[in-house]
Amino acid sequence: MSSPDAPRSRRLQPIVWLRTHEVAADALLAAILTVVSTAFHIIDPDIDGESYRDPTWWTIPLVFASAIPIAWRRRQPIAVAVLVVAIQVTVLIANLSDTGLLAVIVALYSLSAYSSGRRRTQSAVGIAFVLAVVLVGGVITNELDISALISIAVTLVIAFVLGDNLRRRREAATALQDRLDRAERERELVAHQRVTAERARIARELHDVVAHSVSVMVIQAAAARRNLATSPDVAHEALANIETTGRHTMDELRGLLGVLRRTEQPSLESELSPQPTLRSVHALVESAGDLPVELAVSGNIDELPTGVDLTGYRIVQEALTNVRRHAGQATSIEVRIDRRDDQLDIEITDDGRGAAADEGEVGFGIVGMRERVEATGGTVKAGFRPGGGWQVRASLPIGRHADRSEAEQSEPVDTAQSNVLEARR
C-alpha cells in the first residue's frame, strides 16, 4: 500500500524536474509562449471590439520572434530582454494580435533576476524609455486608456522588482554558503592545529620521562662498572635496576612512537617546567577554588611509573577544565583515585549539564586524554552519566614496573653519582 505522501511526491516531481533542468524549462516556456502568440494571431480574436491585422507571410515569423528568445533568458538575459522588447514594440505598432506584453514581463523578470552591474542598469533604463514612449503614445492616440497604462506600468515594475529580489536572495544564500564553507575549513584547520599541538605536548612529556629513565640507566651503569671488582653486590643491584628501568623505558618508547609528530619547537617555558605527578593532585584540586571538588585517594600513589603518574595527573587536570567550561552550575564534583597492585583507576564525575557535544563529537581535550591513556596501554571512557552530569573513567595498567620504588634506587644512584663526580675530577 502506498503511503499518503506518495501522491504529493508525484505532484512535486514536475517542479523538481523544472528546477534541475533549467535549459529545458526555458525552452518549454518559450515554446508555450510562441504557440499561444501564434494561435492568437492566426485566430485573430475580436478583443475589446478591436480588429487586428490579418496574418501574412511576414507577420507570423514576427510573432514567432517575439517569444522564441525567451529560451535563452537565463544564459543571455540582457540580450533577450532587449530583443524581446524591440520585437514586441514592433508587434504593437503593427497592430498584431498575440499574448500582449507577457513575453516582455518574462524578459524583464529574467533581466533583473539573472544579470547585474552597469550593463543591466543601462539596458533597463533604455527598455523603460522605449516602453514609456510606446505606451504614452498609445494614450495620446486614444488606443490605450490611462487605467490600462497604469496597470501595464505596475505589472512591468513588479516583474522587475521580483526578479531583483530573487537575485539578491540567491546571492545572499551563495554568500552564506561560502561563509559556512570557509568557517568549516577554518574549523578543520584549527582542529588539526590543536590536535597536533596536544600530541606534541604529549610527545615532549614522554620525552622527559624517557630521558629521565635513560639518565638513571647511565648513572647506574657507571656505578656497576666502578663497583664490579670491589663491591659485586652493589654492582649486581645496579644492573638489576638497569634492567627494570630499561624495560620500563621500552614501554614508554612504545607510547612515544605512537604520538610523536613533527611540529614547531616548544617554548622555553614548557621545556623548563617540571612535569607534574599525582602527588600534586591535592594542590591541583585546591587551585580549583571555584569548583566544589571532593577528592578521594585510596592506595599509595607515591610510587608509580613516571608515564602513568603524569598521565593520571593530566586526566584529572583536563577533566576539571572541562567541568569549568561545559558543566555550568555544577554543585558536586568528585575525583576518585584508586591505586591497586597492577592498576590505577581514576574517576571524575559531576552533576552539571555535561559537555556541549555527544561522545561522537568529543572535544580536543578528550582526544588528547585518550591518546595519553592509549600511550600507556590503558583505557578511558567519557560521556553522560545516568541521572545527569558527565563522567570520565580511566584505567591505567601499572604491572611489574610499579614494584620498583625510589628507596630501591636511592643507594645505587647516590653511589653512582659520587662515582661520576669522582671520575670527572
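The values are calculated or read from the model by the stated rules, or taken from the named source; none is laboratory data. Note that this is a predicted model, so its numbers are computed, not measured. Neighbour counts are summed over all protein chains in view; Cβ atoms, including those assigned to glycine, are modelled from backbone coordinates with ideal geometry.
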Against the condition modelled with pLDDT under 70, polar (S, T, N, Q) and at negative phi, how does Thr415 come out, does it pass? yes
With respect to Ile93, is the statement that it is modelled with pLDDT under 90, over 13 Å from Phe160 (Cβ atoms), surrounded by fewer than 24 Cβ atoms within 10 Å (Cβ to Cβ) and in contact with a Ser or Thr (Cβ under 8 Å, 6 or more places away or on another chain) true? no
Between residues in region 67-91 that are farther than 19 Å from Arg120 by Cα and in contact (Cβ under 8 Å) with a residue 12 or more places away in the chain and residues that are part of a loop (DSSP other than H, G, I, E, B) and aliphatic (A, V, I, L, M), which pairs lie under 8 Å by C-beta distance while being six or more apart or on different chains? Gln88/Leu101
For region 360-386, the count of residues that are out of contact with any helix residue (DSSP H, G or I) (no Cβ under 7 Å at 6 or more places or on another chain) and either at pLDDT below 75 or among the hydrophobic types (A, V, I, L, M, F, W, C) (or both) equals 6
Name the pairs: first residue in region 154-168 and polar (S, T, N, Q), second residue part of a helix (DSSP H, G or I) and surrounded by 13 or more Cβ atoms within 10 Å (Cβ to Cβ), Cβ to Cβ under 6 Å, at least 6 apart or on different chains? none
Quick check: is even one residue across region 322-331 under 15 Å from Ala394 (Cβ atoms), crowded, with 19+ Cβ neighbours inside 10 Å and modelled with pLDDT of 90 or more? no
Within region 168-183, is there a residue that is surrounded by 11 or more Cβ atoms within 10 Å (Cβ to Cβ), part of a helix (DSSP H, G or I) and in contact with a helix residue (DSSP H, G or I) (Cβ under 7 Å, 6 or more places away or on another chain)? no
Which residue pairs have Cβ atoms under 7 Å apart, sit 6 or more places apart or on different chains, and have a first residue in region 113-136 that is outside the structural domain of Pro77 (by TED's automatic domain parsing) and closer than 14 Å to Val84 by Cβ and a second that is modelled with pLDDT of 85 or more and assigned to a helix (DSSP H, G or I)? none
When restricted to Val316, Val297, the only residue of a type in the set (A, V, I, L, M, F, W, C), modelled with pLDDT of 75 or more, closer than 30 Å to Gly388 by Cβ and surrounded by 20 or more Cβ atoms within 10 Å (Cβ to Cβ) is Val316
Do we find a residue being over 22 Å from Val63 (Cα atoms), within 47 Å of the chain's Cα centre (by Cα) and not hydroxyl-bearing (Ser, Thr, Tyr) anywhere in region 94-104? no
Ala191: under 30 Å from Leu310 (Cβ atoms) and surrounded by fewer than 20 Cβ atoms within 10 Å (Cβ to Cβ), yes or no? yes
Confirm whether Val297 is among the β-branched types (Val, Ile, Thr), in contact (Cβ under 8 Å) with a residue 12 or more places away in the chain and over 18 Å from Met369 (Cβ atoms). yes
Note on Val285: of the conditions (1) within 22 Å of Ile366 (Cα to Cα); (2) exposed (fewer than 13 other Cβ atoms within 10 Å of the Cβ); (3) modelled with pLDDT of 75 or more, unmet is (2)
Here's a check for you: in region 338-353, which residue that is touching a helix residue (DSSP H, G or I) at 6+ places or on another chain (Cβ under 8 Å) and assigned to a loop (DSSP other than H, G, I, E, B) is modelled with the lowest pLDDT? Arg353
Screening Glu252, Glu243 for residues that are part of a helix (DSSP H, G or I), modelled with pLDDT under 80, touching a Gly at 6+ places or on another chain (Cβ under 6 Å) and of a type outside the set (Gly, Ala, Ser) leaves only Glu252
